[in-house]
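Colleague: Submitted below is the structure of interest, expressed as structure tokens.
The values are calculated or read from the model by the stated rules, or taken from the named source; none is laboratory data. Quick caveat: nothing in here was measured; it's all calculated off a predicted structure. Every residue, glycine among them, receives a Cβ derived from its backbone with ideal geometry; neighbour counts consider all protein chains shown. These area figures cover heavy atoms from the full protein model, side chains too; ligands, DNA and RNA do not enter into them. Shrake-Rupley method; radii C 1.70, N 1.55, O 1.52, S 1.80 Å.
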Amino acid sequence: MLLILRMSTCPSIARDRFVGLAGVSKTLVESMEDSSNPRFPPRITNGKLDAALKRISGVIEKMVDPDIFVWRNRAVGATKIEITRAATIIADRLCGAVSDPIIRNAQEKRQLTAIGTWLKARGYRQVEGIKFSEMEAGTFSFRTNVPVSIKGDSTPTKVNISVDVVIMPLNASKRDLPFLIEAKSAGDFTNVNKRRKEEAQKMAQLKSTYGADVSFCLFLCGYFDSGYLGYEAAEGIDWVWEHRIDDLVLFGL
């Protein structure tokens with residue numbers, strides 16, 4: 001039910017953003033939206049649950065889409081046509097919310113397969129379970145953890161960030177850093193600008209740890225407009241389109 005309510009607002013609210021707006025626990029929202037067993041977390045007290053539900057209902061009430069629920073604040077109640085129209089719009093949004101991650105994951109899998117095929121045709125060898133710093137020339141790996149340093153209040157903290165494709169060029173020397181690729185796909189222009197900061201942050205962390213010479217590019221498929229591309233270019237991030245995969249040779253691969 002809560003997922004349906006999130007699809008009823010203007011604009012529809014992503015889960016993490018809703019958690020922030022309502023000031024409630026992510027565990028509570030995830031439990032309520034569990035399709036197989038929607039429930040309240042067993043350890044939450046009645047008082048905390050009541051307060052959280054009031055905050056949730058308050059956000060929904062403030063953000064409910066007036067173009068869908070046209071009968072709100074109207075003396076005359078909703079007609080059958082208006083109810084059907086509202087249900088159809090919300091159902092369409094709900095289908096998109098559920099199917100988009102599935103489609104995105106399938107697209108990413110296809111992108112990685114395309115890169116792997118391209119690299120193997122040029123003499124590269126895929127390796128698994130190897131450290132980022134131990135890769136040999138002419139090897140590549142998928143979804144590899146790359147350690148970076150994040151500046152804290154006192155001392156830097158070491159964390160791992162996952163990179164979709166890590167490639168050690170055929171002509172690389174032992175001191176060279178691997179070439180890094182992040183696969184990205186988008187079915188429309190709506191969400192790409194919300195996600196552009198993710199790549200910029202990753203690039204900043206890599207540069208801070210390994211220096212300005214780190215090689216990192218995006219492998220793009222779908223709808224990425226000039227606003228997104230310009231933002232990434234300003235951060236020093238290049239890209240290759242999936243339909244022009246041979247452009248990877250321009251990076252020395």
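Colleague: Checking Ser35 against (1) surrounded by 12 or more Cβ atoms within 10 Å (Cβ to Cβ); (2) within 22 Å of the chain's Cα centre (by Cα), which single condition isn't satisfied?
Modeller: All conditions are met except number (1).
Colleague: Shifting gears a bit: Of the conditions (1) more than 21 Å from Gly123 (Cα to Cα); (2) open to solvent by less than 30 Å² (accessible area, probe 1.4 Å), Asp238 satisfies every one except a single condition; which number is it?
Modeller: Going through the list (1) more than 21 Å from Gly123 (Cα to Cα); (2) open to solvent by less than 30 Å² (accessible area, probe 1.4 Å), Asp238 breaks only (2).
Colleague: Can you pull out the residues in segment 204-226 that are surrounded by 12 or more Cβ atoms within 10 Å (Cβ to Cβ) and assigned to a helix (DSSP H, G or I)?
Modeller: Scanning segment 204-226 gives Ala204, Gln205, Leu206, Lys207, Ser208, Thr209, Tyr210.
Colleague: Continuing with the same structure: Select, from Arg104, Arg125, the only residue that is closer than 30 Å to Leu253 by Cα, at pLDDT below 85 and open to solvent by 90 Å² or more (accessible area, probe 1.4 Å).
Modeller: Arg104
Colleague: Would you be able to tell me the number of residues in segment 39-85 that are surrounded by 12 or more Cβ atoms within 10 Å (Cβ to Cβ), without any contact (Cβ under 8 Å) to a residue 40 or more places away in the chain and among the hydrophobic types (A, V, I, L, M, F, W, C)?
Modeller: Number of matching residues: 10.
Colleague: Sort out which residues of segment 87-101 are farther than 22 Å from Lys184 by Cα, open to solvent by less than 90 Å² (accessible area, probe 1.4 Å) and free of Cβ contacts under 8 Å to residues at least 40 places away in the same chain, and write them in order of number.
Modeller: Passing the criteria: Ala87, Thr88, Ile89, Ala91.
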